[in-house]
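Values in this text are rule-based calculations from the coordinates and carry no lab data. Since the structure is predicted, the reported quantities are computational estimates derived from the model, not experimental observations. Counting neighbours? That spans all protein chains shown, and the Cβs are built from the backbone with ideal geometry, glycine included.
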């Protein structure tokens, strides 16, 4: 009988935590290739989409007030008010969120304050 032999194969990889799950990142064969692109946080993107939809409904006078809209959409008035505040974020911050460049692991409020402290547009759209 022959003795059992084993082979150990080592594959260099890293597991990165990304929004929506974990991603296995293998080493790049080509050193000139760009870094792995990140995705935007789906929860933040959904919140922004809802905020701008609700703002559009108010602008087009589909609903007369936030209270009327909250009742018709069957959501809490306070939640709707907080969502509508997202429409006041600077376009730079909205773009950063949509491109996945927000600070991971940090809430939107802290991200907003960090952006505000940087002095860019005071975090709000100037009209």
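Going by how many other beta carbons lie within 10 Å of each one, how would you line up 59, 92, 41, fewest first?
Placing the least packed residue first, the sequence is 59, 92, 41.
Using 7 Å Cα-to-Cβ label points, what is the residue 10/residue 76 separation (nm, one decimal)?
5.2 nm
Taking the highest mean first, how do the peptides 62-75, 44-57 order by number of other beta carbon atoms within 10 angstrom per residue?
Descending mean neighbour count gives 44-57, 62-75.
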